[in-house]
Amino acid sequence: MASVVWVARFTCAKAVPATVRVVLIGLRGSGKTTLGSLLAKRLHTQFIDLDDVTVADSGQASVTAMFRSVGEPAFRAAECAALDHVLSSPSTSGAVIALGGGTPTAPAARALLESARAAGTIRIILLEAPPETLGARLTNNPGDRPLLAGASFAEEALLLGEARLPMYRTLADAVVSSGGHATASVEMLERAARNSAG
């Protein structure tokens with residue numbers, strides 16, 4: 001069953017102001033794209049997948065192709081430029097935005113997120129699910145992203161979780177468990193989006 005864990009340093013608000021963007025962070029397989037698109041429908045706003053924005057002008061077919069073609073530093077620079085655009089463009093006001101799992105690990109991207117959160121223009125929600133759940137989801141829908149060398153999907157989720165979750169939690173206004181059924185998870189996500197302060 002989905003649950004919401006509130007980060008104590010933030011106060012509650014009644015609704016998501018139309019100009020506040022809801023930014024979803026989490027590990028690969030946590031439901032950022034699936035739940036984000038469902039949340040956008042519930043909030044009657046647009047859904048933006050940062051991976052799509054990053055790749056759009058690259059001439060590459062996918063994030064993986066771009067990453068392999070240009071290398072990580074150039075990919076992260078393009079990703080940061082895409083993030084800056086979606087966080088500042090009037091056309092994305094009020095949008096639900098799903099970040100790539102590695103986006104918040106880049107210092108420049110993290111600085112953009114922290115600045116926008118401090119300005120009250122975004123609410124960051126962390127989606128968390130157990131490593132076994134992430135592993136099962138990724139096994140059923142692997143996409144084209146490579147695994148860590150020699151790791152299964154569940155092992156990758158565990159390793160990346162240990163490395164990334166503490167940092168994700170420092171960025172998050174709220175944490176939503178996305179390990180259950182999508183309907184329950186999106187309901188909890190909607191409550192978090194409406195009630196967490198920006």
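Nothing in this text is a laboratory measurement; each read-out follows from the coordinates by a stated rule. Quantities reported herein were computed from a predicted structural model and do not represent experimental measurements. Don't worry about glycine lacking a Cβ; one is built from the backbone with ideal geometry, like all the others, and counts go over all protein chains shown.
Here is how the numbers come out for the structure above:
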item	result
Extension gain (nm, one decimal) between Glu132 and Ala56, 0.36 nm per residue minus Cα-Cα	24.1 nm
Percentage, to the nearest whole number, of Cα pairs in region 11-120 over 20 Å apart	40
Inter-label distance for Ser91 and Ala111, nm, one decimal - labels placed 7 Å from Cα along Cα-to-Cβ	2.7
Value of D in µm² per second that Stokes-Einstein yields for region 51-96, Kirkwood Rh from Cα pairs, at 25 °C (0.890 mPa s)	223
